[in-house]
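The next block holds one structure in the form of structure tokens; read it before the comments.
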Amino acid sequence: MKTRVAVFALLIVAMLLTACQPGAAGGGTIKIAILAPLSGPVPTFGVSTRDGALLAIEEANAKGGVLGKKIEAVVADSQCTPDPAVNAANKVIEQDKVHYIVGEVCSSASIPISEIAEKNKVIQISPTSTNPTVTLNADGTTKKYVFRACFIDPFQGTVMAKFALSKGYKTAFIMFDQGNDYVRGLAEFFEKAFSEAGGQIVGKESYTKTDTDFSAILTKVAESKAEVLFLPDYYNIVNLVGAQAKEKGVTAVMMGGDGWDSADLDVKAADGGFYSNHYDAADTRPIVQSWVANYQKKYNSVPDALATLAYDATNLLLAGIAKAGVDDTDKVAAAMETLNFEAVSGNVTFDKQHNPIKSAVVIAVKDGKKTFTASVAP
Amino acid sequence: MNSTKAVSPTPSFIEMLVRRRVLRTFFLVFLVAVVVWRIGTALWANPTLFLQQVIDGLRLGFVYALIALGYTMVYGIVRLINFAHGDVFMIGAFMSYLAIARVQLHLWPTKVFPGISPVLASGIGSITVILLSMAVCALAAITIERVAYKPLRSAPRISALITAIGVSFFLEYFGALDFVFTPNFITYKRPFDVTTWVFGSGGVQALVPGQAIPENTVTFSNISIIIVIATIFLLVVLQYIVTQTKIGKAMRATAYDQQTARLMGINVNGIISVTFAIGAGLAGAAGMLYAIAFPQVTFLMGVLPGLKAFVAAVLGGIGSIPGAFVGALIMGQAEVLSAAYISTPMRDAIAFTILIVVLLVRPTGIFGEAQREKA
């Protein structure tokens with residue numbers, strides 16, 4: 001107990017010291033705040049995000065910084081919770097005088113931060129918050145200073161439709177939980193993209209999240225002779241549906257979104273299926289391989305999607321500053337809107353709502369392994 | 001019914017409708033007509049598809065039957081709707097999961113007798129696991145009965161009912177603790193491999209994995225067959241116990257009149273415990289069969305099957321053993337057919353609508369006897 005208190009006290013002193021330094025250094029640097037949930041419900045997300053962003057800044061500094069100035073990181077803990085997030089955002093803007101924020105991971109924290117950023121004309125780029133309102137005002141207009149580095153959920157439906165068609169499949173059956181916005185969004189986008197590009201939706205059935213017996217729907221799937229069964233739900237439903245589909249002799253290839261991405265996905269039940277994700281360390285593009293190698297050298301682990309998106313978010317921000325040529329957030333925001341940047345998780349351009357348009361990776365579940373299959377551009 | 005005792009000398013038209021139960025009859029006829037029409041058109045449009053849905057409904061109905069029996073037996077003997085019954089079902093599913101995935105109990109025959117045939121080995125192994133689940137559930141139910149219900153036996157019936165709800169929540173969230181069953185969805189490991197057969201004009205053939213189902217055939221798997229056989233076997237055993245043994249006789253006497261039964265020298269407390277144990281044992285078996293059919297276990301898995309089995313017990317006439325069985329088969333069909341031909345998200349709504357309709361039209365259920373209800 002005593003040692004814990006001592007360590008804590010030391011940490012506070014250390015934090016105070018580091019917090020004081022930049023104030024003295026001043027002028028010659030560009031400060032970027034990293035708001036990450038280092039404590040609270042999802043601390044591992046926070047650590048990955050911080051590490052990814054710090055590595056991006058370190059690499060940029062090694063190349064001489066941006067606009068001829070060194071970049072300085074200000075890390076604050078926003079806890080994935082609205083109140084601490086607001087405090088952290090106010091602190092970095094008012095005390096540290098930052099003009100740029102990378103963060104937060106959770107939409108629930110990113111939304112209040114985005115309101116403060118907008119008010120103070122500070123540019124915010126969230127690496128992983130998928131809620132549409134992060135970049136949108138209540139009246140539907142786009143927040144001028146707020147961007148994100150990840151695609152919003154429903155976009156994965158479009159990607160998977162494209163992937164299914166590229167594999168030569170012409171008919172699809174959609175199963176979705178009508179009470180879940182995430183699932184419904186993916187299903188709608190899949191249906192639209194698949195039928196617009198010449199595919200045929202031969203059936204569409206909804207269920208509820210408490211269902212365990214899917215025999216009635218799966219009988220229809222088998223009857224419809226669909227080649228693809230699109231099931232964009234979380235892994236627990238996929239496990240149940242997959243096992244029952246195998247028992248029922250359903251031959252359709254199962255496909256889904258990043259809800260499948262879990263260590264608890266039953267690889268036997270999902271065997272033969274495909275799902276989309278933000279990024280995969282086995283992607284063969286050189287930029288991905290060098291990122292994985294650099295991250296492993298520094299942190300001794302394979303970077304996850306959160307670290308990758310934080311790295312991308314920071315690099316997008318730096319590219320925007322470099323393109324604008326001045327440390328002026330109005331000009332940087334305008335520059336980011338027209339950016340075309342090769343990031344680790346795909347080539348990024350921003351749409352009118354400041355969401356990135358970029359490729360997703362498709363992962364195959366086969367023989368008990370999840371392997372990278374393709375990178376699909378929208 | 002009481003239309004002879006008119007309150008006002010000239011009843012209005014609507015009053016007359018209400019009193020003569022014209023509206024109610026009309027509503028019922030309408031409901032039946034809709035159901036018959038839906039089923040009829042579905043049958044006409046694609047008979048094999050319809051038959052397939054009926055087979056899947058049977059499987060679900062047989063599992064519900066095992067759970068419903070526990071409700072009905074306990075209600076018959078202590079007039080208590082044991083809402084914790086669905087959670088005993090969950091305990092049964094988890095016990096079999098732990099026995100299979102952690103201890104690999106289902107493999108003991110091959111370990112002890114290496115030369116044994118694989119079919120026999122997995123049969124004996126699975127039966128061992130199911131017996132273990134049943135025993136654990138029976139013990140759990142006896143404990144629950146002794147701790148939570150017995151002290152309230154002379155209290156108003158509503159107290160025991162509320163306690164049952166409390167026990168139910170306790171079991172669920174105690175199970176959700178990290179060192180008990182964890183709050184996660186856990187993929188169930190089946191003790192045997194699934195084989196699917198295709199039944200059509202060409203006879204019965206095993207389905208090769210990855211092969212599409214031929215036209216105009218119905219499929220069924222070894223899981224469905226095992227569920228049906230296990231349920232029928234347990235039902236026969238139960239029927240034998242209740243009608244042919246001394247314990248069964250004592251159970252019926254206790255159900256009929258506790259005071260008199262006690263005067264006749266029957267150990268009423270013991271008999272009540274035995275009833276709870278038998279009901280829970282059936283729920284434990286149901287838990288394992290359900291988890292085999294729908295291979296996932298989680299701490300809330302007992303809630304909906306429990307409630308639906310309760311509806312089945314009410315539909316068949318609570319307190320009646322054949323009633324619970326028939327009610328459960330009807331529930332299984334209602335659920336699967338409404339999922340197939342009306343709307344999947346509405347299956348639960350339809351299941352509970354049956355409860356409401358039964359309570360409105362025939363509160364005693366199909367096999368129920370009104371006079372057994374004591375004041």
Any idea which of B:306, B:281, B:327, B:319 is outside any helix (DSSP H, G or I) and crowded, with 24+ Cβ neighbours inside 10 Å? B:319
Being within 19 Å of residue A:159 (Cβ to Cβ) and among the aliphatic types (A, V, I, L, M) is the filter here; which residues of the range A:319-364 pass it? A:343, A:344, A:348, A:357, A:360, A:361, A:362, A:363, A:364
Hey, residue A:201 hits all of (1) in contact with a strand residue (DSSP E or B) (Cβ under 9 Å, 6 or more places away or on another chain); (2) within 14 Å of chain B (Cβ to nearest Cβ) but one; which does it fall short on? (2)
Considering residues of the range B:193-213 that are farther than 28 Å from residue B:282 by Cβ, within 10 Å of chain A (Cβ to nearest Cβ) and in contact with a Ser or Thr (Cβ under 9 Å, 6 or more places away or on another chain) only, the residue surrounded by the fewest Cβ atoms within 10 Å (Cβ to Cβ): B:210
Within the range A:249-265, take every residue that is crowded, with 22+ Cβ neighbours inside 10 Å and within 11 Å of chain B (Cβ to nearest Cβ) and give me the one that is modelled with the highest pLDDT. A:252
Go through the range A:229-248 and report how many residues are part of a helix (DSSP H, G or I), more than 8 Å from chain B (Cβ to nearest Cβ) and of a type in the set (D, E, K, R). 0
Only one of these is β-branched (Val, Ile, Thr) and either part of a strand (DSSP E or B) or in contact (Cβ under 8 Å) with a residue 40 or more places away in the chain (or both): B:198, B:208, B:194, B:147. Name it. B:198
Which residue is nearest to the other protein chains (Cβ to nearest Cβ), if the candidates are limited to the range B:167-179 and must be within 25 Å of residue A:265 (Cβ to Cβ) and free of Cβ contacts under 8 Å to residues at least 12 places away in the same chain? B:178
Checked against (1) under 28 Å from residue B:222 (Cβ atoms); (2) in contact with a Phe, Trp or Tyr (Cβ under 7 Å, 6 or more places away or on another chain), residue A:190 satisfies every condition except (1)
Answer yes or no: is there a residue in the range B:223-232 that is in contact (Cβ under 8 Å) with a residue 12 or more places away in the chain and not in a helix (DSSP H, G or I). no
From the option list A:292, A:288, A:302, single residue qualifying as among the hydrophobic types (A, V, I, L, M, F, W, C), farther than 16 Å from residue A:364 by Cβ and not in a helix (DSSP H, G or I) is A:302
I'm told residue B:339 meets every condition in (1) touching a residue at least 24 places away in the same chain (Cβ under 8 Å); (2) surrounded by 24 or more Cβ atoms within 10 Å (Cβ to Cβ); (3) not acidic (Asp, Glu) except one. Can you identify the failing condition by its number? (1)
Unique match (being over 26 Å from residue B:336 (Cβ atoms), touching a residue at least 60 places away in the same chain (Cβ under 8 Å) and outside any helix (DSSP H, G or I)) among B:80, B:161: B:80
Given the criteria in a helix (DSSP H, G or I) and either surrounded by 21 or more Cβ atoms within 10 Å (Cβ to Cβ) or small (Gly, Ala, Ser) (or both), does residue A:73 qualify? no
Could you please let me know if residue B:24 is more than 14 Å from chain A (Cβ to nearest Cβ), more than 26 Å from the chain's Cα centre (by Cα) and touching a residue at least 24 places away in the same chain (Cβ under 8 Å)? yes
Log entry, pairs with first residue in the range A:342-366 being at positive phi, second being modelled with pLDDT under 90, beta carbons closer than 6 Å, six or more apart or on different chains, reads A:346/A:358; A:346/A:359
Take residue A:346 and decide whether it is at pLDDT below 90, crowded, with 21+ Cβ neighbours inside 10 Å and not aliphatic (A, V, I, L, M). yes
Go over the candidates B:260, B:243, B:254, B:275 one by one and state the one that is farther than 29 Å from residue B:306 by Cβ and among the polar types (S, T, N, Q). B:260
Confirm whether residue B:327 is more than 14 Å from chain A (Cβ to nearest Cβ), of a type outside the set (S, T, N, Q) and in contact with a helix residue (DSSP H, G or I) (Cβ under 6 Å, 6 or more places away or on another chain). yes
Filter the range B:214-248 for residues that are within 14 Å of chain A (Cβ to nearest Cβ) and touching a Leu at 6+ places or on another chain (Cβ under 7 Å); the one that is farthest from residue A:272 (Cα to Cα) is B:227
Criterion first (more than 21 Å from residue A:54 (Cβ to Cβ), part of a strand (DSSP E or B) and in contact with a strand residue (DSSP E or B) (Cβ under 9 Å, 6 or more places away or on another chain)) does residue A:362 satisfy it? yes
Scan (1) within 14 Å of chain A (Cβ to nearest Cβ); (2) surrounded by 13 or more Cβ atoms within 10 Å (Cβ to Cβ); (3) within 28 Å of the chain's Cα centre (by Cα) for the single condition residue B:46 breaks and write down its number. (3)
Within the range B:239-261, the residues that are without any contact (Cβ under 8 Å) to a residue 60 or more places away in the chain, under 23 Å from residue B:143 (Cβ atoms) and out of contact with any Gly (no Cβ under 8 Å at 6 or more places or on another chain) are B:247, B:250, B:258
Of the residues A:345, A:262, which is outside the structural domain of residue A:34 (by TED's automatic domain parsing) and small (Gly, Ala, Ser)? A:262
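The values are calculated or read from the model by the stated rules, or taken from the named source; none is laboratory data. Since this is a predicted model, take the numbers as computed values, not measurements. A quick note on method: Cβ atoms are made from the backbone with ideal geometry, for glycine too, and the neighbour counts reach across all protein chains shown.
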